[in-house]
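Notes to accompany the following structure.
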Amino acid sequence: MIEIVEKKNCSGCNACFNICPKNAIKMKSDKEGFQYPIIDLEKCINCGACERVCPVINQKKKTEGRKVAIAAYSRQEENREESSSGGIFEELAKKIFEKDGIVYGAGFDEYLNVVHKPVKNIQELQELKGSKYVQSDTKTTFRKVKELLEEGRTILYTGTGCQIAGLKNFLKKDYTNLYTCDIICHGVPSPKIFQKYKEKIEEEIQGKTKDISFRNKANGWNQYSIQLTMKDGQEYRQLGAKDPYIQLFAQNYTLRPSCYDCKFKGLDREADLTLGDFWGVEKKYPKFSDDKGTSLILVHSKKGEELFEKIKNNLVYQPNCDLDFAIQNNPCIVQSVKINPLRENFFNDFGKMEFDELSKKYLPKENHIKKFKTKVLNQLSLLKRKIIKNK
Ligand SMILES: Cc1cc2nc3c(=O)[nH]c(=O)nc-3n(C[C@H](O)[C@H](O)[C@H](O)COP(=O)(O)OP(=O)(O)OC[C@H]3O[C@@H](n4cnc5c(N)ncnc54)[C@H](O)[C@@H]3O)c2cc1C
Ligand code: SF4
Ligand code: SF4
């Protein structure tokens, strides 16, 4: 049976929880807010299925496949604006819907926890669009996906590299009706920290969050902002470079322990396609210099090639890009980020301190929540909107 001796050896993919024939495994949050499997020894029959399915224990031998890197963005302006990079995810999803298929990806539950969920059409897809900088809980989606594949439904499952590897191990065999797409992944932050941050913003702004965009492009793709929209219409929007939540993520305080030693990076992956930001693209390929978002697409398999062929007429793209250049500008493609040397202190304080005390202790002044300024700005913009409405 599975035993987590070192936390860095569990990515929280949920494959063990999904496979257990006796439902003996529960996923429980630790004090940092990350979920790990806990086994009920009364129910466990010691069949070993959980150990055999774990993608960290059973890493597949990587194949030296063909490396194809493409720079691209969707021709649909609205899609590109709403997406974190070039809007490739929506273009892929539309092809799956044409086959009456189902798309899985990271969305929100009623409490704005990030969870994996299925969508069946373009309206529902809205919720899965955009990067959520919080670890997504895949719940029991692997079980459901297996059922749907056996029924012959076409599925596109998207997520982090570790989630795709967990799904593939869970399914055990290759299904012709399954497509998978992972992301270039910096690492995933703790859901508990995100909830603390959200509550702090709500307290400051005196509202209740309705919607969150982690990658708002109002100031451009390179200078993205985080935006929380309240039920009453108020908004908190701050540049990623100034916002404490984004900075704790970017400075590698809040990531899951497994992300500092990620086993799912590299050019040979389990997924058919990998999507990321093509940072620096304008320096090498000037036609992508409009700062509205360009994706890097890595194609790993025949199915990946087939999907790309189907969407390419909807894209502005550059095939056969310089992969070394892409990696230089986005090292997360191939290597894990370095742990912040103060991460342990940070999480020790996390149990005892409020969110703004933590950010004051661990981040420079420009990253603290600016209480008065934020509130006034938002009240002003609300007032402006009311005035516009009343005209
Ligand atoms: C936590 C995280 C870290 C990232 N780090 C990098 C990085 O270092 N370098 C880089 O180039 N790109 C990174 N990305 C990916 C990138 O920001 C875009 O999501 C990706 O390029 C797809 O963009 P898009 O415009 O095609 O579609 P979008 O609509 O912007 O993206 C939607 C896709 O992202 C998936 N997704 C969103 N949030 C999560 C989540 N929490 N867990 C799993 N899947 C999620 C959805 O399932 C869907 O497949 C990261 C994304 C996340 C969520
Ligand atoms: S990595 Fe996935 S399968 Fe392995 S122990 Fe963690 S949750 Fe279970
Ligand atoms: S960095 Fe690796 S282990 Fe962490 S979420 Fe991303 S793919 Fe998974």
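Taken together, the values in this text are just the output of simple stated rules run on the coordinates, not laboratory data. In this text, all values refer to a predicted model and were calculated from it rather than measured experimentally. Note that each Cβ is placed from the backbone with ideal geometry, even for glycine, and that neighbours are counted across all protein chains shown.
Please specify each residue of the range 121-138 satisfying the condition of being within 16 Å of ligand 3 (Cβ to nearest atom) and either surrounded by fewer than 17 Cβ atoms within 10 Å (Cβ to Cβ) or within 18 Å of residue 79 (Cα to Cα) (or both). Hits for the range 121-138 are 131, 132.
Here's the yes/no breakdown for (1) within 16 Å of ligand 2 (Cβ to nearest atom); (2) free of Cβ contacts under 8 Å to residues at least 40 places away in the same chain; (3) of a type outside the set (A, V, I, L, M):
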site: 115; (1), (2), (3): yes, yes, no
site: 128; (1), (2), (3): no, yes, no
site: 137; (1), (2), (3): yes, no, yes
site: 152; (1), (2), (3): no, yes, yes
site: 157; (1), (2), (3): yes, no, yes
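Filtering the range 230-250 to residues that are of a type outside the set (D, E, K, R) and either under 20 Å from the mean Cα position of the chain (by Cα) or in a helix (DSSP H, G or I) (or both) leaves 238, 239, 240, 241, 244, 245, 246, 247, 248, 249, 250. The residues on offer are 255, 275, and the sole one that is buried (at least 17 other Cβ atoms within 10 Å of the Cβ), among the aliphatic types (A, V, I, L, M), under 30 Å from residue 58 (Cα atoms) and within 16 Å of ligand 2 (Cβ to nearest atom) is 255.
Please note which strands (runs of 3 or more DSSP E) are completely contained in the range 1-109 and include at least 1 residues that are farther than 30 Å from residue 345 by Cα.
Output list reads 25-29, 68-74, 102-108.
The residues of the range 192-212 that are buried (at least 21 other Cβ atoms within 10 Å of the Cβ) and either within 28 Å of residue 13 (Cβ to Cβ) or without any contact (Cβ under 8 Å) to a residue 12 or more places away in the chain (or both), listed by number, are 193, 194, 197, 212. Kindly indicate the residue of the range 86-120 that is within 16 Å of ligand 3 (Cβ to nearest atom) and hydrophobic (A, V, I, L, M, F, W, C) and also nearest to the chain's Cα centre (by Cα) among those meeting that condition. This residue is 106.
Considering the range 291-328, the residues that are within 23 Å of residue 82 (Cα to Cα) and among the polar types (S, T, N, Q) include one that is surrounded by the fewest Cβ atoms within 10 Å (Cβ to Cβ), namely 313.
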